[in-house]
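Structure first, then comments.
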Amino acid sequence: MKFLSIVFFPIITLLASVAGKAEENSAAPFRVTIDVSSPGTEVSPNRYGIFFEDINFAADGGLYAELIKNRSFEFPQAFMGWKIFGNVALQIEDGPFTRNPHYIRLSPASHRERKTGVENEGFRGIAWEKGKKYRFSAWGRVGVNQTTPVVLQACLIDEKNNSVAQTDMVITQKEWKKYIVELVPSKTVDQGSFRLLLNSPGIVDLDHLSLFPRHTWKERENGLRADLTGALKELNPGLLRFPGGCIVEGTSLATRYNWKDSIGPVENRPLNENRWNFSTKKRLSPDYYQSYGLGFYEYFLLAEDLGATPLPVLNCGMACQFQNGKEAHASLEDMDVYIQDALDLIEFANGDISTKWGALRAEMGHPRPFHLKYLAIGNEQWGDEYAERLERFLATLRKKHPEIRIIGSAGPGASGQEFDNLWKHMRSLNVDLVDEHYYASPDWFRKNARRYDTYPRSGPKVFAGEYACHTPEKSNNFSSALHEAAFMTGLERNADIVPMATYAPLLAHKDAWQWKPDLIWFDNRSLVLTPNYYVQQMYSTYAGNRILPLAGEDGKPLAGQKGLYGSSVFDGERKSIIVKLVNMNPSDCTIQLNFKGQDEQIPKGSGIAIRLHSDNIETQNNFEKPDNIRPVSTILPALEKNRLDLRIPAYSFGVYVFPAE
Ligand code: AHR
């Protein structure tokens with residue numbers, strides 16, 4: 001896999017590496033005042049996070065590094081993703097994994113010149129790199145009457161049907177056993193396939209045919225793609241919300257995300273349908289299923305690796321409300337199983353290893369707790385029927401786990417009758433946070449930069465759990481990123497009421513997406529970081545720890561006056577004052593920054609600017625030109641006393657970092 005390196009310097013490196021071109025001052029500046037005298041609200045360390053859902057092939061075919069689709073033959077069409085030839089039969093009795101009962105039997109074809117075998121197409125092809133190692137494993141046993149070993153040949157096949165790596169796997173035992181071989185291709189291929197041939201006389205049974213790159217994130221066996229995980233790490237996320245999104249709810253309750261099915265040995269995690277396989281009418285993905293290979297244990301591990309607080313979302317006894325009527329939900333009398341799931345999850349994450357679920361966590365390799373603090377009950381739910389169910393969860397969770405902060409839903413809309421009704425319920429149920437979602441127009445994002453300035457300060461706080469600016473063509477162009485940056489000045493300013501936010505969705509396979517825009521696009525070997533990604537990265541890297549009031553010439557928060565948006569924080573670790581400014585105008589302007597406070601509080605010396613800018617607001621990063629837009633750093637001139645005139649480019653989002661005690 002190609003790793004697209006992300007150039008995002010820590011300040012020290014950056015100061016040493018930038019060209020040193022000072023900014024020019026100009027006349028008639030717009031005055032902005034930053035009050036550094038009394039730092040306000042503390043910024044939550046979970047401030048800017050990641051929303052992860054298996055949509056757009058984000059997990060299977062994406063972050064989860066497995067290269068074989070339908071590895072256990074459990075799809076409803078058992079050979080979907082496979083070509084079979086010769087004498088291949090699907091078996092169901094007596095397999096090694098009770099929750100994935102299918103396996104295959106390979107027997108010799110009817111003539112010595114004929115072949116028996118199977119070939120997998122992967123997730124829109126299989127990609128590999130020349131000289132790198134790939135691990136193929138399978139569970140196998142020889143036929144009952146077999147007296148000699150059975151030889152299989154594993155091959156990587158390129159787009160022109162040539163084998164570019166092959167090796168033998170010899171099945172020797174009559175009992176089920178895991179066999180592993182390694183393949184090293186002689187050529188890099190973007191859209192190949194995997195073929196397995198029966199290459200000797202005899203009968204063999206096989207299950208869980210799996211192919212992984214040797215190199216995964218932290219070199220784990222059931223691992224994640226190193227390049228994609230690296231890109232997540234470089235987002236500096238404070239929070240990881242998983243596993244969705246609508247897949248939490250399922251097309252029916254039977255296909256809801258069931259976290260208990262997603263843990264334990266991967267071979268025995270039962271396959272689940274993906275709610276996104278048929279729901280985008282023009283882009284059907286009938287081969288979209290969840291292997292759960294990336295399950296709750298792996299999500300907790302990922303959160304730990306990223307330094308992010310885990311935030312699981314659990315089903316609240318309701319199937320996806322977009323896809324169902326009320327009859328699809330669990331009745332109030334049947335809520336116990338869902339509530340028990342929540343209790344057991346807390347034990348799995350935090351429980352002592354002497355407990356049932358804590359012991360399972362330890363057995364899987366993590367005796368230490370995962371420090372779960374937040375739990376969302378329900379995803380994008382609405383109606384009184386949701387409140388009734390949430391109430392039952394709360395009655396139990398508050399009693400048994402008062403330490404866990406509970407998140408309720410404000411539904412799919414950001415305003416209106418349903419939204420108000422939900423907020424009323426959330427207040428009376430006294431949840432800790434309310435999950436608001438907004439997929440909205442650029443206009444909405446500009447106008448809502450003031451949204452939280454007037455929110456009531458008592459009662460639940462807000463988790464901005466899903467948001468993205470949807471331009472008319474719904475692409476990740478610079479305009480959408482700039483609008484998000486402008487809106488986020490309002491999130492930042494109101495950190496007391498909106499302590500956490502996650503952009504959505506996160507990942508999209510370029511040949512298998514259902515929804516856009518998305519933060520990161522990828523194919524089977526490379527990735528593209530969108531301008532929206534850089535906005536998130538700039539906010540999370542420069543989140544600071546205390547909010548500083550920032551006002552325009554009218555003394556009000558800078559939220560649209562003359563097309564400008566701004567916010568400011570104090571960063572105690574970096575000993576810096578950080579100012580974020582968005583210029584939505586098609587022309588440059590000059591902003592005069594005035595720092596108000598005691599002399600010792602005013603920044604000294606030169607700061608730096610880290611800016612995203614393009615003359616063309618429609619610009620995108622794409623696979624041909626992934627670096628069209630990326631942050632660029634420059635050194636700023638020194639302040640004159642407490643003041644600095646800054647030239648702000650047209651269409652730009654900048655983070656301005658000033659050294660301060
Ligand atoms: O992010 C895509 C989808 O948008 C999520 O699954 C759902 O919660 C929302 O409707």
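The values are calculated or read from the model by the stated rules, or taken from the named source; none is laboratory data. Source: prediction; values computed, not measured. Because the Cβ atoms are built from the backbone with ideal geometry, glycine has one as well, and the counts that use them run over all protein chains shown. Each accessible area value is taken on the protein alone, full model and side chains, heavy atoms only, with ligands, DNA and RNA left out. Shrake-Rupley method; radii C 1.70, N 1.55, O 1.52, S 1.80 Å.
Any chance you could run the full-extension gain for Ser587 through Asn324? It's 0.36 nm times the residue separation minus the Cα-Cα distance, nm to one decimal.
Residue separation times 0.36 nm, minus the Cα-Cα distance, leaves 89.8 nm.
Rolling a 1.4 Å sphere over the protein heavy atoms, what is the accessible area per residue of the chain, to the nearest Å²?
So the chain comes to 38 Å² accessible per residue, rounded to a whole number.
Give the distance, in whole Å, between the Cα centre of region 96-170 and the Cα centre of region 193-226.
Rounded to whole Å, the Cα centres lie 8 Å apart.
Hey, what did region 82-213 get for relative contact order, percent, Cα under 8 Å, at least 6 apart?
Once normalised by length, the contact order is 35 percent.
For region 412-481 and region 568-593, write down the distance between their C-alpha centroids in whole Å.
24 Å
Starting from the Cα gyration tensor of region 234-291, take the square roots of the eigenvalues, sort them a ≥ b ≥ c, and report rounded, prolate or oblate (rounded when a/c is under 1.5, otherwise prolate if a/b is larger than b/c, else oblate).
oblate
In nm, to one decimal, how far is the modelled label at Arg457 from the one at Lys575, with both set 7 Å along Cα→Cβ?
Those two pseudo-labels are separated by 3.2 nm.
Have a look at Phe300, Gly245, Ile203 and report the one farthest towards the positive end of the charge dipole of region 191-342, computed about the Cα centre with Cβ charges (Lys/Arg +1, Asp/Glu -1).
Gly245
Report the gain in length on full extension from Glu333 to Asp190: 0.36 nm times residue separation, minus Cα-Cα distance, nm rounded to one decimal.
Residue separation times 0.36 nm, minus the Cα-Cα distance, leaves 46.3 nm.
So what's the angle, to the nearest 10 degrees on a 0 to 90 scale, between helix 336-350 and the longest Cα principal axis of the chain?
With both axes taken from Cα atoms, the answer is about 80 degrees.
Which value in nm describes the separation of the simple spin-label points at Glu219 and Arg398, placed 7 Å from the Cα toward the beta carbon?
Reported label-point gap for Glu219 and Arg398 is 5.0 nm.
Considering only Cα-Cα distances, which of the following residue pairs are longer than 21 Å: Lys516/Lys625; Lys130/Lys625; Lys133/Lys187?
From Lys516/Lys625; Lys130/Lys625; Lys133/Lys187, over 21 Å: Lys130/Lys625.
Do the sum for the chain: with -39,500 (n - 2.57) for every DSSP H run of n ≥ 4, divided by all residues, what is the mean residue ellipticity at 222 nm, to the nearest 500 deg cm²/dmol?
For the chain, the value works out to -5000 deg cm²/dmol.
Taking loop as defined by DSSP and a crowding limit of 16 other beta carbons within 10 Å, which trypsin sites (Lys or Arg not before Pro) in region 118-201 fit?
Those that pass, being in a loop and sparsely packed, are Lys130, Lys132, Lys133, Lys160, Lys174, Lys187.
Students often forget the sequence filter, so: which lysines lie under 29 Å Cα-Cα from Lys556 once same-chain residues fewer than 8 apart are removed?
Lys447, Lys461, Lys575, Lys580, Lys596, Lys604, Lys641
For region 82-213, just say rounded, prolate or oblate: build the C-alpha gyration tensor, square-root its eigenvalues into a ≥ b ≥ c, call rounded for a/c under 1.5, and beyond that prolate if a/b exceeds b/c, oblate if not.
prolate
Can you tell me what share of the DSSP beta bridges in the chain is antiparallel? A percent to the nearest 5 is fine.
Percentage antiparallel, nearest 5: 70.
Label points 7 Å out from Cα along the Cβ direction at Ala254 and Glu388: separation in nm?
The two pseudo-label positions are separated by 2.4 nm.
What angle do you read, to the nearest 10 degrees and between 0 and 90, between the alpha-carbon axis of helix 417-429 and the longest principal axis of the chain?
90 degrees
Cα gyration tensor of the chain, axes a ≥ b ≥ c as square roots of the eigenvalues: rounded (a/c below 1.5), prolate (a/b > b/c) or oblate?
The shape class here is prolate.
May I ask for the percentage of alpha-carbon pairs in region 547-628 that lie more than 22 Å from each other?
More than 22 Å apart: 40 percent of the Cα pairs in region 547-628.
Just how large is the dipole of region 337-395 about the Cα centre, in debye to the nearest 20, putting +1 at every Lys and Arg Cβ and -1 at every Asp and Glu Cβ?
Around 360 debye, computed over region 337-395.
So, R0 is 51 Å and r is the distance between the beta-carbons of Ala109 and Ser441; what FRET efficiency does that work out to, to 0.05?
Rounded to the nearest 0.05, the efficiency is 0.30.
Could you list the residues of region 185-221 with an amide nitrogen less than 16 Å from a label point located 7 Å from the Cα of Val151 in the Cα-to-C-beta direction?
Output list for this probe position: 196-204.
Using +1 at the C-beta of Lys and Arg and -1 at the C-beta of Asp and Glu, which of Ala449, Tyr64, Leu564 has the Cα lying farthest in the positive direction of the dipole of the chain?
Positive-most Cα among the choices belongs to Tyr64.
Please report the carbon-and-sulfur percent of the accessible area for region 82-213; probe 1.4 Å, protein heavy atoms only, DNA, RNA and ligands left out.
48 percent
Hey, got the dipole for the chain? About the Cα centre, +1 on K and R Cβ, -1 on D and E Cβ, debye to the nearest 20?
The dipole magnitude comes to about 920 debye.
What is the angle, in °, between the Cα long axis of helix 296-306 and the longest principal axis of the Cα atoms in the chain? Nearest 10 is fine, range 0 to 90.
40 degrees
Which listed residue (Phe653, Thr396, Leu271) has the Cα farthest towards the positive end of the charge dipole for the chain, taking +1 on Lys and Arg C-beta and -1 on Asp and Glu C-beta about the Cα centre?
The listed residue farthest towards the positive side: Phe653.
Where nothing but the Cβ of Lys and Arg (+1) and of Asp and Glu (-1) is charged, how large is the charge dipole of region 82-213 around its Cα centre, in debye to the nearest 20?
160 debye
Counting pairs of alpha carbon atoms under 8 Å apart in space and at least six apart in sequence, what relative contact order in percent does the chain give?
Answer for the chain is 18 percent.
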